[in-house]
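The values are calculated or read from the model by the stated rules, or taken from the named source; none is laboratory data. No experiment lies behind these values; they were computed from the predicted model shown. Heads up, the Cβs are rebuilt from the backbone with ideal geometry, glycines too, and the neighbour counts pull from every protein chain shown.
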Amino acid sequence: MLELYQFELSHYSEKVRFILDYKGLPYRKVEVTPGIGQIDLFRMSGQRQVPVLKDENEIIVDSTAIALYLEEKYPEKPIIPVDPLPRAQTLILEEWADTSIGLKARTAMIGAFNQDPEFRKAFFPNRTPQQLQSLVDELPENVRGVGNMVASSVPSFFKNIVGAVPGDLLSIGGTVAGFGSEAVKAAMDDLGRDLEALSLILVDKPFLVADHPTLADFAVAALSMYIKFPASPTLNVPLSLKGKGVPGLADNPKYETFFQWRDDLYLNHRKIDETVPPPPVDGSPQKISID
């Protein structure tokens, strides 16, 4: 069976999961534990990033390389058109989603984490003591070392998104370091234009390029995860995050066409992993250990 080494909240892993589900390929998810799990991943693949696909003796790294491998090895239900123009459009949109939407959505989401207390608290299990949640918003400027303590309590799946070790995750003020207001604003502006353009494309079309889903559709849908977390049960994330997103983007009626299209794509082409229990009602994150 195919094995996908992943983070559940990795939007690049989600792109691969979309493709595997669409092609009807059975696979086993292996949740990589930050730190020690990434060392094991490096020993296997030569790098520490997810996703990594293992197909018997084949090891494929990078979501685009995995997509191309799956298309060649398992050509049933193709995701890349053969005709030159739609093929080019598919490949260009996939690359754009990876390098533009994926990176800017991460910046915008972390900006919302910094600036919106309610969105920030959605990342904590509901059972997290209120005193600890309050520390995120109320760290005094003159207290040193507290940031590391609070950072160590941030759920590990959020650290995976940020890509930082606990000591680098939060500033003393309780915000994620390295994502300034100018960078966040630029990302928000660009994403607004992107979502408007996508919504216009999808007004009278079921899919971005062809009359069936392509790699472009799966890339755009997956890489927009951080703008608004899908409410779909296919994602094993805290219930407190489902349907939540970046204020000003996730709740903007101008982009309703896009998010409705994405919801339909999830409904029709993503599958529920029956081997993984759903998140508990209290929103506590689940973990999958490496065998």
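Considering segment 201-230 alone, what residues qualify as being free of Cβ contacts under 8 Å to residues at least 40 places away in the same chain and closer than 21 Å to Lys104 by Cα?
Ile201, Lys228, Phe229, Pro230
Looking at Leu41, Leu20, can you tell me which residue is assigned to a helix (DSSP H, G or I), farther than 13 Å from Leu215 by Cα and either touching a residue at least 24 places away in the same chain (Cβ under 8 Å) or of a type in the set (D, E, K, R) (or both)?
On the way: Leu20 fails: farther than 13 Å from Leu215 by Cα.
Exactly one of Leu41, Leu20 is assigned to a helix (DSSP H, G or I), farther than 13 Å from Leu215 by Cα and either touching a residue at least 24 places away in the same chain (Cβ under 8 Å) or of a type in the set (D, E, K, R) (or both), namely Leu41.
Evaluate the following for Ile66: is it at pLDDT 95 or above and touching a helix residue (DSSP H, G or I) at 6+ places or on another chain (Cβ under 6 Å)? Before the answer, list the steps.
Values: at pLDDT 95 or above: yes; touching a helix residue (DSSP H, G or I) at 6+ places or on another chain (Cβ under 6 Å): yes.
Against the criterion (at pLDDT 95 or above and touching a helix residue (DSSP H, G or I) at 6+ places or on another chain (Cβ under 6 Å)), Ile66 qualifies.
Evaluate segment 108-115: report whether one residue or more is more than 17 Å from the chain's Cα centre (by Cα) and farther than 16 Å from Val16 by Cα. Outline the logic, then answer.
Going residue by residue through segment 108-115, those that are more than 17 Å from the chain's Cα centre (by Cα) are 114-115.
Subsequent filtering for residues that are farther than 16 Å from Val16 by Cα retains 114-115.
Within segment 108-115, one or more residues are more than 17 Å from the chain's Cα centre (by Cα) and farther than 16 Å from Val16 by Cα.
Please find, among Ala216, Ala210, Ala250, Ala231, the residue that is under 30 Å from Glu76 (Cβ atoms) and under 15 Å from the mean Cα position of the chain (by Cα). Outline the logic, then answer.
Numbers: Ala216 fails: under 15 Å from the mean Cα position of the chain (by Cα); Ala210 fails: under 15 Å from the mean Cα position of the chain (by Cα); Ala250 fails: under 30 Å from Glu76 (Cβ atoms).
On inspection, the qualifying residue turns out to be Ala231.
Can you tell me which residue within segment 253-291, out of those that are buried (at least 16 other Cβ atoms within 10 Å of the Cβ), of a type outside the set (Gly, Ala, Ser) and not in a helix (DSSP H, G or I), is modelled with the highest pLDDT?
If we take residues in segment 253-291 being buried (at least 16 other Cβ atoms within 10 Å of the Cβ), of a type outside the set (Gly, Ala, Ser) and not in a helix (DSSP H, G or I), then Arg270 is modelled with the highest pLDDT.
Restricting the search to segment 60-83, which residues are under 19 Å from the mean Cα position of the chain (by Cα) and in a loop (DSSP other than H, G, I, E, B)?
Selection gives Asp62 alone.
I'd like the full set of residues that are of a type in the set (A, V, I, L, M, F, W, C) and in contact with an Asp or Glu (Cβ under 8 Å, 6 or more places away or on another chain), limited to segment 188-217.
First, the residues of segment 188-217 that are of a type in the set (A, V, I, L, M, F, W, C): 188, 191, 195, 197-198, 200-203, 207-210, 215-216.
The answer is Phe207, Leu208, Val209, Leu215, Ala216.
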